[in-house]
Structure formats: structure tokens, C-alpha cells
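Take a look at the structure set out below.
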């Protein structure tokens, strides 16, 4: 049996190292589409967590009047110009968060409200009769994590 060449082993080691150490800039702001790409739910099996479950992530998008449910402490953040969305759960500070969002929405009635949200990624499973898929939501805990129109989110 032949021994693998040193170059081949080095290349494999580099690939494995690069794949295992995916890092992001904590100041990075993802679009809704980039958020899903980064969470990589397509390569996560049911019962497993996405690699960034529990991480604090910033996502920008728009809040529309449809799928906005303050009484249920949830709403959807949309990729502008598309129907792609991420579900947002408000787990603390709900009165203050929805009061702020309602104020931002009132500044341009009928138009979508552009925001950046900073929240915690949470993985969930969606079993069906014949399959199971993995999804992610963003959990909000503070009114200080809601920013208008790309304003600074430090």
C-alpha cells in the first residue's frame, strides 16, 4: 500500500482547519439571506444545533405590517424586495421593543420599517410525516438591540 504524499496531507489539513474554524466579525451585519447562509441549516441534521446556535448575531431587514404579532411577542424580519424572512421572538423587554418598533413604523405609514436587530440564534427542528428540517430563529432580549435604518449598533 502506498503512503500518501506529504503535499496531499498538508492540503487535507488546510481544508479541515479552514472548515472547522469559520469565524465572523462580531460587528458584521448580515442580511436575512446571509444570515441563513451563515447558519447553514441545509447541512445540519435534525436533532443537531447549527454551528452558531447561541451566538449573538446582527441582522438587517424590514419589518412589514403583515406577520407582525406583538400580542404573541414575535414578528418576521424580511429581506427587502423578497419574501425571504426570519422569525424573531421577543423574550424580554417586549413592551419597550414593540413600542419602539411601532414608533419607527409610524414615521413612514404603509412602508416597511428598516431595522438592524441584534439577537441570539436558536436552532429548532420541524419534523414532517416523511422528513425533518432544521430552522433558526433570532431571539431578542433588549430594546437596546433594535436599531433604525442601519444606525450604529455598538
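The values are calculated or read from the model by the stated rules, or taken from the named source; none is laboratory data. Owing to the predicted nature of the structure, the values given are computational and were not obtained by experimental measurement. FYI the Cβ positions are ideal-geometry reconstructions off the backbone, even for glycines, and counts take in every protein chain you see.
Observations
- Selected residue (criterion: farthest from residue 147 (Cα to Cα)) from residues of the stretch 65-82 that are part of a strand (DSSP E or B) and free of Cβ contacts under 8 Å to residues at least 60 places away in the same chain: 69
- Look at (1) in contact with a strand residue (DSSP E or B) (Cβ under 9 Å, 6 or more places away or on another chain); (2) at pLDDT 95 or above; (3) more than 13 Å from residue 117 (Cβ to Cβ) and you find that residue 71 fails only one, number (1).
- When the stretch 21-63 is filtered for residues that are within 30 Å of residue 106 (Cα to Cα), surrounded by 18 or more Cβ atoms within 10 Å (Cβ to Cβ) and without any contact (Cβ under 8 Å) to a residue 40 or more places away in the chain, only 30 remains.
- Some residue of the stretch 11-21 being within 23 Å of residue 135 (Cβ to Cβ) and either modelled with pLDDT of 95 or more or in a strand (DSSP E or B) (or both): no
- Test: residue in the stretch 89-104 that is part of a strand (DSSP E or B) and in contact (Cβ under 8 Å) with a residue 24 or more places away in the chain: yes
- Here residue 76 meets each of (1) modelled with pLDDT under 95; (2) surrounded by 10 or more Cβ atoms within 10 Å (Cβ to Cβ) with one exception, condition (1).
- Taken over the stretch 114-144, the residue count meeting the criterion of being outside any strand (DSSP E or B), at pLDDT below 95 and in contact with a strand residue (DSSP E or B) (Cβ under 9 Å, 6 or more places away or on another chain) is 0.
- Filtering the stretch 120-148 to residues that are within 20 Å of residue 48 (Cα to Cα) and crowded, with 20+ Cβ neighbours inside 10 Å leaves 121, 123, 134, 136, 138.
- For residue 111, the conditions (1) at pLDDT 95 or above; (2) surrounded by fewer than 16 Cβ atoms within 10 Å (Cβ to Cβ); (3) closer than 17 Å to residue 149 by Cα all hold with the exception of (1).
- Within the stretch 98-108, being loosely packed, with under 15 Cβ neighbours inside 10 Å and in contact with a helix residue (DSSP H, G or I) (Cβ under 9 Å, 6 or more places away or on another chain) holds for 99, 102.
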